[in-house]
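Before I ask anything, here is the structure I am working with.
The values are calculated or read from the model by the stated rules, or taken from the named source; none is laboratory data. Since we're looking at a predicted model, the values are computed, not measured. Accessible surface is based on the protein model in full, side chains and every heavy atom, while ligands, DNA and RNA are left aside. Shrake-Rupley method; radii C 1.70, N 1.55, O 1.52, S 1.80 Å.
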Amino acid sequence: RHALSLREDDPKIYRLLGSILLNTGKPEKAEKIFLMARKFDAVDAHILNNLGVARLEMGKRDAAIAAFSEARRMDPENQAVRDNLAALGKKVD
């Protein structure tokens with residue numbers, strides 16, 4: 001959070017903070033952080049993948065699929081995104 005106070009427009013800091021929140025069992029807070037990160041970098045497939053994971057942990061399956069699908073459009077070869085979609089029964093040719 002201190003890093004954000006220094007560079008509040010850096011999407012990498014938001015992504016890392018969101019990942020920490022996600023890994024410590026706080027998907028609701030992580031979702032908010034990943035959404036904020038998108039304001040500064042709307043084309044980062046990693047942010048969208050993590051957003052999808054947070055939403056999935058919150059029981060928001062359709063919203064998670066939407067985030068994973070958007071991430072896949074941005075980066076079709078992203079293996080984490082492909083794995084997440086496949087785990088949800090979505091076709092990932």
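Of all accessible surface on the chain at a 1.4 Å probe, what whole percent is carbon and sulfur? Mind dumping the intermediate values first?
Details: 2870 of 5560 Å².
The nonpolar share, carbon plus sulfur, comes to 52 percent.
Hey, can you find the accessible area per residue of the chain for me, probe 1.4 Å, expressed in square angstrom?
Here the residues of the chain average 60 Å² of exposed surface.
Using Cα pairs closer than 8 Å and at least 6 residues apart in sequence, work out the relative contact order for the chain, in percent.
Values: 108 pairs, mean separation 18.1, N = 93.
Relative contact order for the chain comes out at 19 percent.
When Rg is the radius of gyration of the Cα atoms in the chain and Rh is its Kirkwood radius, what does Rg/Rh come to?
Values: Rg = 12.8 Å, Rh = 13.0 Å.
Ratio of gyration radius to Kirkwood radius: 0.98.
Taking a 22 Å limit on the Cα-Cα distance, which of the listed pairs 12/32; 60/91; 39/90; 26/60 fall beyond it? Provide the component values of the computation, followed by the final result.
Working: 12/32 15 Å; 60/91 19 Å; 39/90 27 Å; 26/60 14 Å.
Pairs exceeding 22 Å: 39/90.
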